[in-house]
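Since the structure comes first, as structure tokens, the remarks are kept for the end.
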Amino acid sequence: FLLQAFGANEPSVWITGYLGLALLAAAMLAATLFISSLTESQIVAAFGGYGLLLVFWFIDALANLLPSVWQDGVRWLSLSDHFGDFRVGVIALRDVSYYAAFAILFLFLTHMVLESIRWRGVRSR
């Protein structure tokens, strides 16, 4: 309400920002769910998920230290690099497909871990 009253009201920027935030949250939840499926401890899962998300968030800083041949590939893995267009109101197909593929990959890996546990009968709950 304050932005509408005193600022520049651009609903398209708000909508794309929230869309980007929802896609980013889905990708992050899928990655932490995968880490959670690997361990029985909630504390280990929390720290492991946080660590994995930190790696994917700051991997673009590592790209600056690598030779120029590897920089674009490593920078493409960064979660934060794909969020920039959403903040300014641009919906890019490469960013949407990255977040969707990221979430689907980690959900698939979670499914495989849980199926392996179920068939081996390792844990009983």
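Since only VAL88, ALA45, PHE6 are under comparison, the one whose Cα sits farthest along the positive direction of the charge dipole of the chain, derived from C-beta charges on Lys, Arg, Asp and Glu, is ALA45. Overall form of the stretch 53-120: oblate. Here a/c, set by the Cα gyration tensor axes a ≥ b ≥ c, is 1.5 or more, and a/b is not larger than b/c. Here GLU10 sits with roughly 100 square angstrom of accessible surface, probe radius 1.4 Å. When the alpha carbon gyration tensor of the stretch 82-125 is reduced to an equivalent ellipsoid, its three semi-axes come out at 36, 9, 5 angstrom, largest first. For the stretch 1-102, the solvent-accessible area works out to 65 Å² per residue, with a probe of 1.4 Å and every protein chain left in place. Entry note, the chain: the mean residue ellipticity at 222 nm calculated from DSSP H runs of n ≥ 4, each adding -39500 (n - 2.57), is -25500 deg cm²/dmol after division by the residues and rounding to the nearest 500. Each Lys or Arg adds one and each Asp or Glu takes one away; over the other residues whose Cβ falls under 13 Å from the Cβ of TRP57, this sums to -1. Scaling against 2.2 N^0.38 Å puts the C-alpha radius of gyration of the stretch 1-115 at 1.25. Surface composition of the chain: carbon and sulfur atoms hold 71% of the protein heavy-atom accessible area at a 1.4 Å probe. Got a sec? Which residues in the stretch 24-55 would a label at ARG87 touch, if it sits 7 Å along Cα→Cβ and we count backbone N under 19 Å? Only 24-28, 53-55 pass the distance filter. Here the 3J(HN,Hα) profile of the stretch 70-82, calculated from phi with Karplus coefficients 6.51, -1.76 and 1.60 at θ = phi - 60°, is 8, 4, 5, x, 6, 5, 5, 6, 6, 5, 6, 5, 7 Hz, Gly and Pro shown as x. Counting charges near PHE86 (Lys, Arg +1; Asp, Glu -1) among other residues having Cβ under 14 Å from its Cβ returns a value of -2. Could you state the number of Å between the C-alpha centres of the stretch 28-52 and the stretch 59-124? That distance is 15 Å.
Across the stretch 97-112, coupling constants 3J(HN,Hα) worked out from phi with the 6.51/-1.76/1.60 Karplus curve, θ = phi - 60°, read 5, 5, 5, 5, 5, 4, 5, 5, 4, 6, 5, 5, 5, 4, 4, 5 Hz, and Gly and Pro carry x.
The values are calculated or read from the model by the stated rules, or taken from the named source; none is laboratory data. What you see is a predicted model, and the numbers here were worked out from it, not measured in a lab. Virtual Cβ from ideal backbone geometry, glycine too; neighbours counted across all protein chains shown. Areas reflect the complete protein model, heavy atoms only, side chains present, ligands, DNA and RNA absent. Shrake-Rupley method; radii C 1.70, N 1.55, O 1.52, S 1.80 Å.
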